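Trainee: This is the structure, below, for whatever I ask next.
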Amino acid sequence: MFLGDIILNYRKEKGISQRDFAKQCNISHSYIAMLEKNIDARTGKPICPTLETIKNISIGMRIPIDDLLKMLDDEQKFTLEAIKEPIYYMAPVYGRISAGQPNWAEECIEGRLPIDINLMNIINPEECFFLRVNGESMNKLIKNGAYALIRKTDVVDDGDIAVVLVNGYDATLKVFNRQRDFILLEPMSTDPSFKTQVYGKDTEIKVIGKYIGKMEMK
């Protein structure tokens, strides 16, 4: 069903007028009327509700927004997906992450940068942070001074790009691999002076995050 059909059926079932239902949803009476007709009075074309409208309707109907979305006609679902509004999270930026246990305190944050949660398919944005890259050891992937987007985790797979602390020193961003009892931290650089770092059991290696994206300023 289209959203207007769902609203009309709900109103009839509950015995609620358009005007009262509009108040419940904090939406204008005229817009509810357009939704029920499925015609935009300004353009004469089928109306395309926004996600914010869907949210308000779900509040008015006192049902979860996901349940309301499931009721929608496939055509309206597709249209909603196409116009999905970005949801931004202001992820903290750390210039460095140092010494032993990472300190995620507010006073260590240099600033914040926005990430589009929908676009990047991020489930838990509060697990994400930016690390300002200092140096050329990963310049094939991310330039010096750019921002690497990291998801907090202490587990990565071989071949993942990870942020690690070596013996409690400042965090480094490298390709992470294991070979028997050794940990290899590999650069991705155009500068051949950067070599793979090899560490044995006597070295404390602590993974604190996985690279998932970047932001570079032109």
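Trainee: Of the residues in region 178-210, how many are open to solvent by less than 40 Å² (accessible area, probe 1.4 Å), in a strand (DSSP E or B) and within 22 Å of Arg132 (Cα to Cα)? I'd like the intermediate steps shown before the answer.
Mentor: Kept after step one, since they are open to solvent by less than 40 Å² (accessible area, probe 1.4 Å), are these residues of region 178-210: 183-185, 187, 189, 200, 203, 207-209.
In the following step, the residues that additionally are in a strand (DSSP E or B) were identified as 183-185, 207-209.
Subsequent filtering for residues that are within 22 Å of Arg132 (Cα to Cα) retains 185, 207-209.
Qualifying residue count for the region: 4.
Trainee: With the requirement that a residue be surrounded by 13 or more Cβ atoms within 10 Å (Cβ to Cβ), among the β-branched types (Val, Ile, Thr) and either in contact with an Asp or Glu (Cβ under 9 Å, 6 or more places away or on another chain) or not in a helix (DSSP H, G or I) (or both), what does region 1-50 give you?
Mentor: Ile7, Ile16, Ile27, Ile39, Ile47
Trainee: While we're looking at this one, here's another question. Report whether or not Gly135 is loosely packed, with under 15 Cβ neighbours inside 10 Å, among the small types (Gly, Ala, Ser), touching a residue at least 24 places away in the same chain (Cβ under 8 Å) and over 15 Å from Asn177 (Cα atoms).
Mentor: Values: loosely packed, with under 15 Cβ neighbours inside 10 Å: yes; among the small types (Gly, Ala, Ser): yes; touching a residue at least 24 places away in the same chain (Cβ under 8 Å): no; over 15 Å from Asn177 (Cα atoms): yes.
So Gly135 does not fit the description; no.
Trainee: Follow-up. With the condition kept exactly as written, say whether any residue in region 77-93 is surrounded by fewer than 15 Cβ atoms within 10 Å (Cβ to Cβ), modelled with pLDDT of 85 or more and among the charged types (D, E, K, R).
Mentor: no
Trainee: In region 151-185, how many are modelled with pLDDT of 90 or more and within 22 Å of Tyr94 (Cα to Cα)?
Mentor: Number satisfying all stated conditions: 16.
Trainee: Six or more apart or on different chains, Cβ atoms under 7 Å: show the pairs whose first residue is in region 189-205 and touching a residue at least 12 places away in the same chain (Cβ under 8 Å) and polar (S, T, N, Q) and whose second is outside any loop (DSSP other than H, G, I, E, B) and surrounded by fewer than 16 Cβ atoms within 10 Å (Cβ to Cβ).
Mentor: Pairs that qualify, where the first residue is touching a residue at least 12 places away in the same chain (Cβ under 8 Å) and polar (S, T, N, Q) and the partner is outside any loop (DSSP other than H, G, I, E, B) and surrounded by fewer than 16 Cβ atoms within 10 Å (Cβ to Cβ), are Thr196/Leu184.
Trainee: Return the residues of region 175-218 that are more than 33 Å from the chain's Cα centre (by Cα) and under 13 Å from Leu165 (Cα atoms); say none if nothing qualifies.
Mentor: Tyr199, Thr203
Trainee: List pairs: first residue in region 141-155 and in contact (Cβ under 8 Å) with a residue 12 or more places away in the chain, second residue part of a loop (DSSP other than H, G, I, E, B) and of a type in the set (A, V, I, L, M) anywhere in the structure, Cβ distance under 6 angstrom, at least six positions apart or on different chains.
Mentor: Leu141/Met188; Ile142/Val133; Ala146/Val133; Ala148/Val133; Ala148/Ile142
The values are calculated or read from the model by the stated rules, or taken from the named source; none is laboratory data. In this text the structure is predicted, and so the values were computed from the model without any measurement. Note: ideal-geometry Cβ built from the backbone for every residue, glycine included; neighbour counts use all protein chains shown. Just the protein is used for accessible areas: all its heavy atoms, side chains included, with ligands, DNA and RNA removed. Shrake-Rupley method; radii C 1.70, N 1.55, O 1.52, S 1.80 Å.
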